[in-house]
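Notes follow the structure.
Every read-out reported here was derived from the displayed coordinates using simple, explicitly stated rules and does not represent laboratory data. Note that the coordinates shown come from a computational prediction; the quantities given were computed from them, not determined experimentally. Note that we place each Cβ from the backbone using ideal geometry, even for glycine, and neighbour counts take in every protein chain shown.
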């Protein structure tokens, strides 16, 4: 899959989570903030995958960085930011892991 499509898939999945869990009062910049958060963490995660290939540790790092960015940008309480980051990254990590497994199966056959 093209990197741009993977990024956009991650962005739109996380945007759906943000729209679902963030209150109306702070939704004014939700698309911009979601894009900025993903534009920061997605390339870094891919860079680290290339060097270290430690999928779960890198995803944990992305989760923690996104938690801090969500809390800071949306100015919401830390429990809510932690929940949003956890759910968004759980979904995208699961889909990414499945894609990785499927892609490896088809390329090794």
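One table, with the values for the structure above:
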{"read-out": "Tabulated pairs, the stretch 42-53, first in contact (Cβ under 8 Å) with a residue 40 or more places away in the chain, second surrounded by fewer than 11 Cβ atoms within 10 Å (Cβ to Cβ) and assigned to a helix (DSSP H, G or I), C-beta under 8 angstrom, 6+ apart or interchain", "value": "46/3"}
{"read-out": "Subset of the stretch 43-54 (residues that are surrounded by 11 or more Cβ atoms within 10 Å (Cβ to Cβ), out of contact with any helix residue (DSSP H, G or I) (no Cβ under 7 Å at 6 or more places or on another chain) and closer than 19 Å to residue 90 by Cα)", "value": "43, 44, 46, 54"}
{"read-out": "Residue count for the stretch 12-38, restricted to those that are over 16 Å from residue 81 (Cα atoms) and either surrounded by fewer than 12 Cβ atoms within 10 Å (Cβ to Cβ) or without any contact (Cβ under 8 Å) to a residue 12 or more places away in the chain (or both)", "value": "3"}
{"read-out": "Residue in the stretch 79-91 that is out of contact with any helix residue (DSSP H, G or I) (no Cβ under 8 Å at 6 or more places or on another chain) and surrounded by 13 or more Cβ atoms within 10 Å (Cβ to Cβ) present", "value": "yes"}
